[in-house]
Amino acid sequence: MLDALSDEEYVIQRAKTAFKTDPITAKAWMITAKTLYPNNFGVQFEAYQIEKGGGNVKEAARNFSDLIGKFHQQPEFWNEINKVTSSLRSENDGTDHEKQFYCDMFKHIHPDVQHKLLLITAEHCEDTMEHCKLLLLLLQKFSMAIPTHGLGLIETLLSAEKHSHSSNQPINPFRKMLVHDLIPLLNTESVSVDISQKLIFKLLHKAIEYYLYCLNTPNKCQNLDEAWDKLCITLEFSGKKLCWEPYLASFGENWSKEHYWQKLLTFCQSQNLNLDDQNMLKQLLYCVTIFFLNCLNEYKMSLAHSGQTQPCFLLIEAFVDKNLPNPMIALSEPKAKRRKSSDPEIQPHLSVEKSEYKNIVNNFILTKKCWELLNSTDSLQREYNKLNSHLKLNNYLHQFMIDYYIYKGQIDDAFNYIQSSPQESHLNLKLTDSLRLANIMYLKKNYLACYNHILTVLELLPTTTNAGSLTSKLTQGGTRHLHFLPLTRLNVLQYCAKLLIRAISEKSDNNFNDLSIGNIFVLTQLDWPNEEDRIPPLLDVIRQRGSFHYYLFQTYIINVDLLEELTFLFTRQVSLHILPHLEQRRIGTRGADKGVKEEVRQSIKRQVGRCNEALDQLICTFICNEREHLLQSLQ
């Protein structure tokens, strides 16, 4: 069989045969063959295969380099080239020994050959994604190639994304490569790529869209912090190309929101700030917008517990008591200083349930400041609206905008914003919208609508989980008070009950009938003794009238203190009509009809025996089941 082979094939066969038992002899045969037949692909490729099979990295690299120079068009060798480039893209995979060999061999190839290898592979690749991966690999290995091939790769990625089936999704392989891998490569001091302003802004938009998508779909994004880092790099890169202020276009590694906000203020207060200058206007627009999105994200995250996407706190207009100290005025301040400051009278007080939730307030205030800065001038507002129409930021601003309108006291705007928003299918979001509407309708003095929204809220309240506990923070001093209400069963029910108490009181306008008094008695029981001060004026009304008719008494009034007050009135010549079956019989206090009096006493005694019943369930049942009686008090 050896006699039938050509001279080249004969040498190759002898080398292959020897390699199985005597690698040194095989290598000698191949050295001879390479010397005799330098232009024969079979000989040169077999020499490479023998070195590779023997695990000789340096020799394999030398033979591979020879093949690249003369035979890179050979299909058999293309398979090896593809294996090398594939291994380089997963260079950190130490479990695959073959890939590790290719990576080690590549390191021993001369840089010029490495560059040629990656370039010719990319140029011959028909698959667009593979082509981009190879070019990216080339730029990662050889920064000097960035000025030559960087712009082309940007345009290829943008074009490929535009024509791909996933072009409507900001997270797709082409966008990820652009934002995650390519732009950070371009943002180096040692290289420079000539990019037009139009393209720079397009890259910035792509990065913002990518970050926004990560914010809105955290379950699809493995690392939100990484997305933010890439956005910061894109801003820094854009700032360098557009000659923006470096201190403003760079967030840095150890930046803080408070420090960056001071940078923004410094920039805005600069004597050289001229918003008629488009470059200066664009700088402020993009820097503030990106910072605003970061603050907004942290605000939304602080409203939700760790790992959850739906809010666990909701900003609502709470209640004020003029008799309580104003928390907006520090007691340690001198009186003269307090008089000079008008803020406590203008800005509402923001409260949270516990001190560890204070970051919610801080995050909201900073987000609010950013929003107001974006709308502080006509030119900036106009540019922001253009950017918003392109990036569709409103979808992400929904919750904050309602909070902002409530904070500013613009309840009509808050109402319109809720009404114009898409109907939410998530129960938690339905609950928050209904609770907001109940709050707004109360502020608009539309008490019937307020009550109807409260009914919707109670239908959506969880019955078993997330019960929470009552709070003492819903009523404070001052002129306006907003509270971040925990969305737990007890906290929400407590707030709804307080809304109804005040709605009934305001509707009665100090001219209470017995039904309204009785309804308030029932509702105050949940938050006793915080609502206790409402009772004495109502008892005075009963005392002056000499009677009290309320036939829901036996069903709903079980508070011991309240029962004691009513019993005291009963012994002071006040008639209590609290038993429906005694409606036609006179209840006297001068010895007449002692049986009736005894029944009343026994009824009150039975109510005292129920004092340990679950008040949340009792109040919830009252609000939901006694619609007719509550409507009479609210009309």
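Mind running the shape call on segment 378-422? Use the C-alpha gyration tensor, a ≥ b ≥ c as the square roots of the eigenvalues: rounded below 1.5 for a/c, prolate if a/b tops b/c, oblate otherwise. Walk me through the numbers before you get to the answer.
On the way: a/c = 2.50, a/b = 1.52, b/c = 1.64.
Oblate is the answer for segment 378-422, as a/c is 1.5 or above yet b/c matches or exceeds a/b.
Computing the accessible area with a 1.4 Å probe over protein heavy atoms, can you report the carbon and sulfur percentage for the chain?
Values: 14920 of 31250 Å².
That share works out to 48 percent.
Within the chain, what percent of beta bridges assigned by DSSP are antiparallel, to the nearest 5?
On the way: 5 of 13 bridges.
Antiparallel: roughly 40 percent of the beta bridges in the chain.
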Angle between the Cα long axis of helix 489-508 and the longest principal axis of the chain, 0 to 90 degrees, nearest 10?
-> 40 degrees
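Looking at the square roots a ≥ b ≥ c of the eigenvalues of the Cα gyration tensor of segment 403-512, which shape do they give, rounded for a/c under 1.5, prolate if a/b is larger than b/c, or oblate?
It comes out rounded by the Cα gyration axes.
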The long-range amide H neighbours of L485, using H built 1.01 Å from N in the peptide plane and a cut-off of under 5 Å, are L314, L315, I316
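Can you tell me the relative contact order of the chain? Whole percent, Cα pairs under 8 Å, sequence separation 6 or more. List each step's numbers first, then the result.
Values: 671 pairs, mean separation 53.3, N = 635.
Value for the chain: 8 percent.
What number, rounded to the nearest 500 deg cm²/dmol, is the helix-based mean residue ellipticity at 222 nm of the chain, given -39500 (n - 2.57) per DSSP H run of at least four residues and division by all its residues? Intermediate values should be presented prior to the final figure.
On the way: 32 runs with 406 residues, N = 635.
The per-residue figure over the chain is -20000 deg cm²/dmol.
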For the peptides 514-524, 497-507, what is the packing order when you average, over each peptide's residues, the other Cβ atoms within 10 Å and list the highest mean first?
-> 514-524, 497-507
Once both axes come from the Cα atoms, what is the angle between helix 7-21 and the longest principal axis of the chain, in degrees from 0 to 90, rounded to 10?
-> 60 degrees
Mean separation of Cα contacts under 8 Å (6+ apart) over length of segment 471-539, as relative contact order % = 26 percent
In whole Hz, what ³J(HN,Hα) sequence does segment 95-110 give by Karplus (6.51, -1.76, 1.60; θ = phi - 60°), x for Gly and Pro?
-> 7, 9, 5, 5, 4, 5, 5, 4, 5, 5, 5, 4, 5, 8, 7, 4
Mean accessible area per residue over the chain (1.4 angstrom probe, all protein chains present, square angstrom) is 49 Å²
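Can you pull out the GluC sites (Glu not before Pro) in segment 182-267 whose DSSP state is coil and whose Cβ has at most 15 other Cβ atoms within 10 Å?
Values: sites: E189, E209, E226, E236, E253, E258; in loops: E189, E253.
Sites meeting the loop and neighbour criteria: E189, E253.
The values are calculated or read from the model by the stated rules, or taken from the named source; none is laboratory data. What you see is a predicted model; the values in this text were computed from it and never measured. Glycine gets a Cβ as well: all are built from the backbone with ideal geometry, and neighbour counts include every protein chain shown. All accessible areas refer to the heavy atoms of the entire protein, side chains included, with ligands and DNA or RNA removed. Shrake-Rupley method; radii C 1.70, N 1.55, O 1.52, S 1.80 Å.
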